[in-house]
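Have a look at the structure below, then the notes.
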Amino acid sequence: MWTTKVITATAIALLSRAIAILATKPVLLPGLDGLRSYDSQEAQHQRQVFFVGGNYQTDPTTNLTLFVNQMYTEQLIPANGVKHPNPLIFFHGAGLSGATWLQTPDNRQGWASYFLDQGYAVFLVDVVSVGRSSRLPPTAVTGAATVEVVEAFFSASEKFPTNYPQAKLHTQWPGTGLQGDPTFDAWYPSLIQVPVDNAATEEAVAIATCDLLSRIPPSFLIAHSYGGLFLWVVADKCPKAVQGIFGIEPSEPPFVNLVPGTSTPARPYGLTDTPITYDPPVVNPITDLKKVIVGTDSPANRSCILQANPPRTLPNLIDIPMYIYTTQSSIHITYDHCNIAYLRQAGVKDLTWQLLQDIGIYGNGHFSFIEKNNLVIASLALEWFKEKETQKH
């Protein structure tokens, strides 16, 4: 009897000690000790996962039915409750998924947690055909960007200054930005397949996002790079549900894809591959959207393809507040002015374009939201959201 009591007391003491240790020390999975820190910087939140959009589709050959074009969505609610009326919906860039917003590859706080800490409801999506969302037909995706492309244009552009002049100014990547660096090696595996059929993806994402917006209050749309395509199609399809647009170097220039030394026709509707609403209406974009080349083309400052006068307007976008920023050393510094000029030409009334170097934020590349000063930049978005959250349009 006495022995049993002693054993029981000892077991309770050991259990209490173990609980105390676990409460103060990160738990590492077996075999992973030392791989990386598991001391998470994520904000406390409640999480729900669901799918929006999509439809049943029967294969006429097999007569079998699947559900396709749905979009994976995570709803993150701050543990201390929502303090702002407008949720935030995040669209990732090409070759990424919604996970890109959660934390940085060197385990600092990402934008999702930053805005959860500020009291925002956050929605992260994997756009249709990517990650955990339904794929379009298998031929509609291609492989991830190679290490060589990623190093040269995103993570270590300063080491490849001949690509474009501003590349040498890049200083904010956490680490060397090269294969073999721990931060790069933690980040690069997150790059996944890229949709090829932009038109089909745009249409499916617009339907899915407007489905989501029909269930929640008017929201701010935040997009990085390729995700910018979805800003325009969603805002065009359900403009009253969009509180504002925040672009992190969104998409490429109107009508063309630009890489150093080459240009390829793209986006026949200017900003998109799918039809959006113009006034006067556009029936055939090739003949109806008259184009003119503006500016002298150079590696540091690319010329733009804009509408010839008189330009058509984008009536569903003109009243939506927009904030777009461009970093000092991203390749987007060479051509983002073209998107800005196109939006202003098309009648957008409340558009802020911020060059980060003009407000003392230097050295960022295209992935600024995960670079060393990512939360400094996030604070710019926070102030703009607060300013626009009560604005009606």
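In the range 123-132, what count of residues is obtained for those that are out of contact with any Pro (no Cβ under 7 Å at 6 or more places or on another chain) and either of a type in the set (A, V, I, L, M, F, W, C) or assigned to a loop (DSSP other than H, G, I, E, B) (or both)?
Number satisfying all stated conditions: 6.
Just the residues that are small (Gly, Ala, Ser), at pLDDT 95 or above and assigned to a loop (DSSP other than H, G, I, E, B), please, taken from the range 140-198.
Within the range 140-198, ALA156, GLY175, GLY177, GLY180 qualify.
Looking for whichever is touching a residue at least 40 places away in the same chain (Cβ under 8 Å), within 28 Å of LEU356 (Cβ to Cβ) and out of contact with any strand residue (DSSP E or B) (no Cβ under 7 Å at 6 or more places or on another chain) here; the options are SER251, SER219. Which one fits?
After ruling out the rest, the residue left standing is SER251.
Name the residues in the range 214-232 that are open to solvent by 10 Å² or more (accessible area, probe 1.4 Å) and in contact with a helix residue (DSSP H, G or I) (Cβ under 6 Å, 6 or more places away or on another chain), would you?
Selection gives PRO218 alone.
Of the residues in the range 234-258, how many are among the hydrophobic types (A, V, I, L, M, F, W, C) and farther than 27 Å from ASN301 by Cα?
Number of matching residues: 5.
Could you please find all residues in the range 36-56 being at pLDDT below 90 and either under 24 Å from ASP211 (Cα atoms) or polar (S, T, N, Q) (or both)?
Matches in the range 36-56: SER37, SER40, GLN41.
So which residues in the range 269-284 are over 15 Å from PHE230 (Cα atoms) and part of a loop (DSSP other than H, G, I, E, B), if there are any at all?
TYR278, PRO280, PRO281, VAL282, VAL283, ASN284
Taking GLY295 and the conditions (1) open to solvent by 30 Å² or more (accessible area, probe 1.4 Å); (2) without any contact (Cβ under 8 Å) to a residue 24 or more places away in the chain; (3) on the phi < 0 side of the Ramachandran plot, which numbered condition does it fall short on, given that it satisfies the others?
(3)
Return the total of residues in the range 66-111 being of a type in the set (A, V, I, L, M), open to solvent by 10 Å² or more (accessible area, probe 1.4 Å) and not in a loop (DSSP other than H, G, I, E, B).
Number of matching residues: 4.
Do the conditions hold for ASP117, that is, is it of a type in the set (Asp, Glu), more than 21 Å from GLU249 (Cβ to Cβ) and out of contact with any His (no Cβ under 7 Å at 6 or more places or on another chain)? Spell out the reasoning first.
Details: of a type in the set (Asp, Glu): yes; more than 21 Å from GLU249 (Cβ to Cβ): yes; out of contact with any His (no Cβ under 7 Å at 6 or more places or on another chain): yes.
Taking the combined requirement at face value, the residue satisfies it.
Select the strands (runs of 3 or more DSSP E) contained entirely in the range 303-388, then report the ones holding at least 3 residues which are at negative phi, surrounded by 20 or more Cβ atoms within 10 Å (Cβ to Cβ) and in contact (Cβ under 8 Å) with a residue 12 or more places away in the chain.
On the way: elements: 304-307, 322-326, 351-355.
Ranges flagged: 304-307, 322-326.
Any residue at all in the range 235-248 that's part of a helix (DSSP H, G or I) and open to solvent by 40 Å² or more (accessible area, probe 1.4 Å)?
Within the range 235-248, one or more residues are part of a helix (DSSP H, G or I) and open to solvent by 40 Å² or more (accessible area, probe 1.4 Å).
In the list THR262, THR287, THR277, which residue meets the criterion of being in contact with an Asp or Glu (Cβ under 6 Å, 6 or more places away or on another chain), farther than 22 Å from TRP101 by Cβ and open to solvent by 30 Å² or more (accessible area, probe 1.4 Å)?
THR277
The values are calculated or read from the model by the stated rules, or taken from the named source; none is laboratory data. Quick caveat: nothing in here was measured; it's all calculated off a predicted structure. Because the Cβ atoms are built from the backbone with ideal geometry, glycine has one as well, and the counts that use them run over all protein chains shown. Protein only, heavy atoms only, side chains kept; ligands, DNA and RNA dropped before computing areas. Shrake-Rupley method; radii C 1.70, N 1.55, O 1.52, S 1.80 Å.
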